[in-house]
Amino acid sequence: MNSLKKILLGDQGLVVIFAVAFAIVSLTVPNFLSERNILGLLQSVVTIGIVACTMMFCLASRDFDLSVGSTVAFTGMIAVIASNMTGSIVLGLVIALLSGALVGAVNGFVIACFRINALITTLATMQIVRGLALIVSDGRAVGINDPGFYQLALSRFLGIPTPIWVMGALFAVFGFLLNRTVFGKNTLAIGGNPEAARLAGVNVVSMRIWIFALQGLICAVAGIMLASRITSGQPNAATGLELSVISACVLGGVSLAGGRAAMTGVIVGVMIMGIAENVMNLLNIQAFYQYVVRGLILLGAVLLDNLRSSASRR
């Protein structure tokens, strides 16, 4: 019994849970393993998966970002509006990426330099940025003038939609950044003990600003992909995204107390969130009940994090 508990709470525990859940779902839910459904499942987790890449760094450094949903919607709007105004998709994308990085950098600057709690800072930014998205669009969806913008989400390579390739590439890049670079090691050091990291020569203030700037930049990537997929800039898009992303990261073993993260775990956490929603849709479960299930998943993720933390202290 103790060995089973150790496995489930260890690094390999989530993989075991995911494998068992995947097998059960595959055997019991009709059409789950069809190519169309699997590609649809991967498409449905693209936004969560992309944003989770950098939310992992925020959580690992003992912070978090509640403004990611608003930033995704805002940068998607900016990409569409800038592309329409300039007549250049590339220029529109660059402006959107810079806008996202700016939002993230402001978050990081306020948190690191003024030492304001990340909860309060990003909660305020969430409201401000969502308001800006509504203001610049006058509260309405903004259509895309150049059909080439659609190809960002509709194009395929080797039969797989481009957004899935983008998500996979970001998983690889940020996994390498976490495990193989000084930046990743410093992030985990800050999350483990910020004061000890500072005494060891880590510029904690600069690191936090960079982490949040990266978060904003990657939110812009997700916003661009989402705007292309839904064929317009939507000021109310990605509402509640922050909760799904944090749930996926915590399910994947990223500690809310900081200092612990693994990209493989985050990938599995993202897939668990996607499979849960996919199965509910295949079984025609009403949206009202889906809110309850998402809340239970978040609660279960936090409980699992507490159990892992307690086990690691023993």
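The values are calculated or read from the model by the stated rules, or taken from the named source; none is laboratory data. The model shown is predicted, which means the values in this text are computed figures rather than measured ones. We place every Cβ from the backbone using ideal geometry, glycine too, and count neighbours over all the protein chains shown. Surface accessibility is based on the protein's heavy atoms, side chains included, excluding ligands, DNA and RNA. Shrake-Rupley method; radii C 1.70, N 1.55, O 1.52, S 1.80 Å.
Go from 0 up to the bin containing the longest alpha carbon distance in the chain, width 10 Å each, and give me the % of pairs per bin.
Whole-percent P(r) values from 0 Å outward: 6, 26, 34, 24, 8, 1, 0.
Among LEU123, ALA21, SER88, whose Cα projects farthest towards the positive end of the dipole of region 18-153, with charges put on the beta-carbon of Lys, Arg (+1) and Asp, Glu (-1)?
Positive-end residue among those listed: LEU123.
For the modelled label position 7 Å from the Cα of PHE109 along Cα-to-Cβ, which residues of region 176-219 have backbone nitrogen atoms closer than 13 Å?
Counting backbone N atoms under 13 Å from the label point, the list is 209-210, 213.
From the alpha carbon gyration tensor of region 143-234, can you work out the equivalent ellipsoid semi-axes (sqrt of 5 times each eigenvalue) and give them in Å, largest to smallest?
On the way: eigenvalues 258, 49, 10 Å².
Gyration-tensor ellipsoid for region 143-234: 36, 16, 7 Å.
Mark the label point 7 Å from the Cα of LEU91 along Cα→Cβ and return the residues of region 230-248 whose backbone N is within less than 20 Å of it.
Residues passing the 20 Å test: 233.
Beta carbons within 10 angstrom, averaged per residue: use that to sort the peptides 138-151, 238-251, highest first. Please list the in-between numbers first.
On the way: 138-151: 13.7, 238-251: 23.8.
Output ranking for 138-151, 238-251: 238-251, 138-151.
Among 100-113, 221-234, how do they line up by average Cβ neighbours within 10 Å per residue, starting with the highest? The partial results should precede the final answer.
Values: 100-113: 22.2, 221-234: 24.5.
Those peptides, ordered most packed to least, come out 221-234, 100-113.
Which value at 222 nm does the chain reach when only helices count, each DSSP H run of 4 or more adding -39,500 (n - 2.57), with the total divided by all residues and rounded to the nearest 500 deg cm²/dmol?
Working: 15 runs with 237 residues, N = 314.
Only helices count here, giving -25000 deg cm²/dmol.
Please work out the ratio of the alpha-carbon Rg of region 53-187 to 2.2 N^0.38 Å and round it to two decimals.
Its radius of gyration relative to the 2.2 N^0.38 Å reference: 1.18.
Could you state the number of Å between the C-alpha centres of region 146-202 and region 95-136?
A separation of 20 Å, based on Cα centres.
If you count only protein heavy atoms with a 1.4 Å probe, what accessible area per residue comes out for the chain, rounded to a whole Å²? The partial results should precede the final answer.
Numbers: 15100 Å² over 314 residues.
Normalised by residue count, the accessible surface of the chain is 48 Å².
Length gain on complete extension for the stretch ALA141 to PHE22, per 0.36 nm per residue less the alpha carbon to alpha carbon distance?
Values: separation 119, 0.36 × 119 = 42.84 nm, distance 3.70 nm.
Contour length minus the Cα-Cα distance gives 39.1 nm.
How large a share of the accessible area of the chain, in percent, is made up of carbon and sulfur atoms when the probe is 1.4 Å and the other protein chains stay in place?
Working: 10240 of 15100 Å².
C and S fraction of accessible area: 68 percent.
Once label points are set 7 Å from the Cα along Cα→Cβ at both TRP165 and SER44, what is their separation, rounded to one decimal in nm?
About 2.4 nm separates the two model spin labels.
So for region 219-297, what are the equivalent ellipsoid semi-axes in whole Å, largest first, each being the square root of 5 times an eigenvalue of the Cα gyration tensor? Mind showing how you got there, number by number?
Working: eigenvalues 102, 73, 26 Å².
Value: 23, 19, 12 Å, ordered largest first.
Using the Kyte-Doolittle scale, which helices in the chain average at least 0.5 and also have C-alpha atoms spread 20 Å or more along the helix axis, with helices defined as whole DSSP H runs?
Working: long enough: 13-28 (23 Å, 2.66); 46-60 (21 Å, 2.31); 68-86 (26 Å, 1.35); 89-113 (35 Å, 2.40); 118-137 (28 Å, 1.66); 162-180 (26 Å, 1.38); 204-229 (37 Å, 1.63); 263-282 (28 Å, 1.56); 287-313 (39 Å, 0.68).
Answer set is 13-28, 46-60, 68-86, 89-113, 118-137, 162-180, 204-229, 263-282, 287-313.
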